1. Ala391: touching a Ser or Thr at 6+ places or on another chain (Cβ under 9 Å), modelled with pLDDT under 90, crowded, with 18+ Cβ neighbours inside 10 Å and not in a loop (DSSP other than H, G, I, E, B), yes or no?
2. Mind telling me which of the residues Thr142, Thr203, Thr247, Thr230 ends up being at pLDDT below 90 and within 30 Å of Ser302 (Cα to Cα)?
3. Would you please list the contacts, defined by Cβ atoms under 6 Å and residues six or more apart or on different chains, that run from a residue in the stretch 301-321 that is among the aromatic types (Phe, Trp, Tyr) to a residue that is at pLDDT below 95 and open to solvent by less than 60 Å² (accessible area, probe 1.4 Å)?
4. What tally of residues in the stretch 76-101 results from selecting those that are open to solvent by 40 Å² or more (accessible area, probe 1.4 Å) and modelled with pLDDT of 90 or more?
5. Please go through (1) open to solvent by less than 20 Å² (accessible area, probe 1.4 Å); (2) assigned to a loop (DSSP other than H, G, I, E, B); (3) of a type outside the set (D, E, K, R); (4) touching a strand residue (DSSP E or B) at 6+ places or on another chain (Cβ under 9 Å) for Ser302 and return the number of the only condition it doesn't satisfy.
6. For the stretch 36-75: of the residues being of a type in the set (Phe, Trp, Tyr) and part of a helix (DSSP H, G or I), which is modelled with the lowest pLDDT?
7. Do you know which residues across the stretch 248-290 are loosely packed, with under 12 Cβ neighbours inside 10 Å and farther than 25 Å from Ser349 by Cβ?
8. Within the set of pairs 6 or more residues apart or between chains, which connect a residue that is closer than 18 Å to Ala105 by Cα inside the stretch 156-173 to a residue that is aliphatic (A, V, I, L, M) and open to solvent by 20 Å² or more (accessible area, probe 1.4 Å) with Cβ atoms less than 6 Å apart?
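The values are calculated or read from the model by the stated rules, or taken from the named source; none is laboratory data. If you're wondering where the values come from, they're calculated on a predicted model, not measured in any experiment. Neighbour counts run over all protein chains shown; Cβ positions are idealised from the backbone, glycine included. The area values use the complete protein model at the heavy-atom level, side chains included, leaving out ligands, DNA and RNA. Shrake-Rupley method; radii C 1.70, N 1.55, O 1.52, S 1.80 Å.
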Amino acid sequence: MMIAMLHCTLVIAAACALTRASDLEAAPGSTHVLEVSPQIPFNLASFLIDAGETSPFGRIAVLEAQIKPLFEALPKHGRAGLDAESAKYALRRHFLEHRGWQVRALGGSNDHTTAWSRSSGLPALSAPGRLADILERAFVGTRYGLRELATLAATVEKAVRMDCNELLSAALAVHGVAEEDLKEEARDLVIQTFMLFYLLPDTDYSKQTSDSIKGYLGLAERVYPGWSATMKWVQDVQRTMKSDQGTLQGFVEEIVFSYRHVFEDQCSSLRSLLLKLEEPGTGRVLVSKLRSVSPSAHIPNSIWQFSESNAELRDMGALDESDLQHPTIIISNYMTADANCLPSSQIASYCCMSECDALLAGLEVRFGSHSVSPQQLSEWTSALNISDAAAKQLWAMASSHSGSLPIHGKAFAQWLHVAFPVKCPRQHDTQGWVASASVAVEAWWHNIRWVL
């Protein structure tokens, strides 16, 4: 498990008058895939546009293009668009792929993801709270087209930028400086302080002095082993940013929007280590073997500990107890567990990228549909390195679904784990393993797992 930390975020209050999302003007060059009657009851423009800020509609058009392949592949209710759960799923996939974020207000794989809260005394109102309120009301009794999804995605991004602005203001205030008066040394100190507030919130920084903050900066590496590597990356970003992007606000936004690359480096190192420990071909590691390894001996600046109890691994959905004498962790479930995300704010956590989502994205782009025929599946699997047994099982599953297999259903997700145990997580629900449609796949897995 990642080093236990509560991660900080500063937030601000934002008032939005009630109206319809359709009041937003169309972005030039963008298209509506469906003629959806928007019913999101908010004037998002008042949230998205600050005085003097450029129009968000260009960004909404970019987000439409990014979300479109997934949107087109998801099942819809005729011309009424996506239902709320499908819309949330699409946005979760989008942010994990493009930002490495798991957005709290969109839910996660475990209910406890929303339980994280900041322990510091930094101001706590209310970009995260306002965003949660917007999304909670938006996902009630309506359908969602591509424009609505893109607008909500832009709203999340805007809340993160507002968050950055307040956090930066607090960093400037604690040192008693103004941005326009900063010299190089003071600027570096403010940036380090911003990162301290962002990554290590366990102290009530609002009651600290400039000298005490400098003391905390000297101890940061002890609390967060990735601190030095993070600050080196921050310096690299600072050197490469162009002069026209040189405002401090723009810089810290760039840091927050790009930090997933730093976190993903840690994820890649963890994934490589687990693969070295894997029982060949199973996508699993013996719990006893995992606990005998010190991650810091294999991963530079490791933020991982391998300290979970069996109960914690079970709660993460990462424990396979089919052999009670030799329990194993499921690599793909462990990698994508909420407990291994970095909760850097009340808006979003950084999480390891899902390699299974990349497989699904390839299917979605290739066929543009939520269900795929056996012939299409054969075409797809022929280009992949999977066993004949796995390919035959997929064909049989498609045949049992009237010749067309839903690629976002639990049965297909369970098959993906069988065929790609390292990349795709095993499916489970709050009562245990998924039932009904996946029972046959699960039984088949136990019969052939050692020969895949």
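1. No.
2. After applying the criteria, what remains is Thr203.
3. Within 6 Å, the pairs are Trp304/Leu270; Trp304/Pro295; Phe306/Leu290; Phe306/Pro295.
4. 8
5. (4)
6. Looking at the filtered set, the residue picked out is Phe47.
7. Lys276, Pro280, Ser288
8. So the pair list comes out as Met162/Ile12.
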